[in-house]
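Since the structure comes first, as structure tokens, the remarks are kept for the end.
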Amino acid sequence: DQAPNGCPVSARAAAFDPFGDGYQQDPPEYVRWAREQEPVFYSPKLGYWVVARYDDIKAVFRDNLTFSPSIALEKITPTGDEANQVLASYGYAMNRTLVNEDEPAHMPRRRLLMEPFTPEHLKHHEPLVRKLAREYVDRFIDDGRADLVDQMLWEVPLTVAMHFLGVPEDDMDTLRRYSIAHTVNTWGRPKPQEQVAVAHAVGNFWQHAGRILAKMRENPDAPGWMQFGIRMQKDHPEVVTDSYLHSMMMAGIVAAHETTANATANAMKLLLQHPQAWRDLCEDPGLIPNAVEECLRHNGSVAAWRRLVTRDAVVGGVALPAGSKLLIVTSSANHDEAHFADADFFDIRRDNASDHLTFGYGSHQCMGKNLARMEMQIFLEEFTRRLPHMRLAEQQFTYVPNTSFRGPEHLWVEWDPAQNPERRDP
Ligand code: HEM
């Protein structure tokens, strides 16, 4: 096998398969060999160059002209004619939002839409997060056993995402079903027969997003980031376009929901696998903010991101021709010994934990990072306070096969309800 630049492909590079169980279970471990020996390699199975080291990935993020984000939401597995026809039949026209928008269009749009993400605006969402977290824990606290994903972590961030975006709550159930299809459609490898079903779900999601947007336009003064965008469109129609609004109505739900749901599930799994860290958190909740960063570093919910090389460039000493596609494995960067001492060690007191690249870096860095952090911190505050003696149940963790969004589909935990602090000390 030869890479497009004429260099031979190593056996390990040829075997690299981000849809297999090895990558799904532990992406940084799966590419440890690359981080150590072949930090930029061509994957013939994927048709992408894979980048594994912290400094190289940061350099790629830093230069969004040479390394364009335009392919960030492109289907990583091209679909067949039948699925494409299904998508077309729904008028599916998902296009640039922010995360995949090039300059000079991106920055003015990002600046114009930033205000709702500022700390004083995010404060308004905190009581809702707290209230939901408490209500959901109330539902299972006496059961002694729960699947935290199905019974809480999937739905609460979805509800918060809806409120943040300004979506009416009665549209929630439909959107819940559609959002997962978007992940498979974009970052997964559906089989041909699955592709058609996924295409129908994505097409429906697209149309539903359009209907919600139309409703919002009737009441543009209502709270919500989408309504904020609709108001900004009045004076800046060339910056906040119709195509942007419709695409973001769909992509924004996934951006805000699955990322945060998965991040919290990954964090709880990691913490309960490290009982001493969990006990420390329960005793001193002041450690929670840094623990959240360390969880995002060690086992984040976005495992890898993508960039398109727009002009001949060199990454990690490897010459890459214009047109090359990059899979930048941020989860591998987060385990790079050159940046994080004893990188595989889980240390909730690590002083540079927040240097992780799970939120990306540079001009496209996640706009919702502080909303996500706030949610995760509140979930951990509630779990440590109310269920400090919970532990992981025996289970096999499964993941939706895809390159980028990562979290266990279920997370079973158990505890003795008689030991609940609220019972012992009401
Ligand atoms: C961008 C991850 C939560 C909104 C991104 C990017 C990543 C990411 C990797 C691309 C960064 C880059 O290209 O440099 C995450 C993770 C989250 C999370 C891991 C949760 C733990 C959220 C939430 C929202 C959100 C709650 C709320 C709406 C956005 C937006 C962008 C973005 C709007 C595009 C920014 C731009 O391109 O200028 N996120 N995200 N994210 N995220 Fe998040």
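The values are calculated or read from the model by the stated rules, or taken from the named source; none is laboratory data. Since the model is a prediction, treat every value here as computed from it, not as a measurement. Cβ coordinates were reconstructed from backbone atoms using ideal geometry, including for glycine residues, and neighbour counts include every protein chain displayed.
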inquiry  = Could you go through the stretch 1-19 and let me know if any residue there is touching a residue at least 60 places away in the same chain (Cβ under 8 Å), more than 22 Å from G323 (Cβ to Cβ) and surrounded by 22 or more Cβ atoms within 10 Å (Cβ to Cβ).
reply    = no
ask   = How many residues are in a helix (DSSP H, G or I) and farther than 13 Å from L128 by Cα if we restrict to the stretch 156-167?
value = 1
note = How many residues of the stretch 379-405 are closer than 19 Å to A291 by Cβ and assigned to a loop (DSSP other than H, G, I, E, B)? The answer is 4
inquiry  = Among the residues of the stretch 245-288, what is the count of those that are more than 14 Å from the ligand (Cβ to nearest atom) and closer than 22 Å to L392 by Cα?
reply    = 18
key: One residue from L73, L87, L46, L65 being exposed (fewer than 15 other Cβ atoms within 10 Å of the Cβ) and of a type in the set (A, V, I, L, M)   = L65
inquiry  = Yes or no: the stretch 125-142 includes at least one residue that is under 26 Å from E194 (Cα atoms), not charged (D, E, K, R) and not in a helix (DSSP H, G or I).
reply    = no
task = Run F405 past the list (1) of a type outside the set (D, E); (2) buried (at least 17 other Cβ atoms within 10 Å of the Cβ); (3) at positive phi and report the number of the one that doesn't hold.
result = (3)
ask   = What residue, among those in the stretch 227-244 that are under 21 Å from E169 (Cβ atoms) and surrounded by fewer than 24 Cβ atoms within 10 Å (Cβ to Cβ), is farthest from the ligand (Cβ to nearest atom)?
value = I230
query = From R211, R177, which residue is at pLDDT 85 or above and of a type in the set (K, R)?
reply = R211
inquiry  = Can you list residue pairs whose Cβ atoms sit under 8 Å apart, with the first residue in the stretch 62-74 being over 10 Å from G362 (Cβ atoms) and among the acidic types (D, E) and the second being at pLDDT below 95 and not in a loop (DSSP other than H, G, I, E, B)? Count only pairs 6 or more apart in sequence or on different chains.
reply    = E74/T186
message = Condition first: within 10 Å of the ligand (Cβ to nearest atom) and under 18 Å from L326 (Cβ atoms). Can you find one or more residues in the stretch 74-83 that meet it?
response = no
request  = Select from the stretch 317-341 the residues that are more than 17 Å from L357 (Cα to Cα) and of a type outside the set (V, I, T) and list them in ascending order.
outcome  = G317, A319, L320, P321, A322, G323, S324, K325
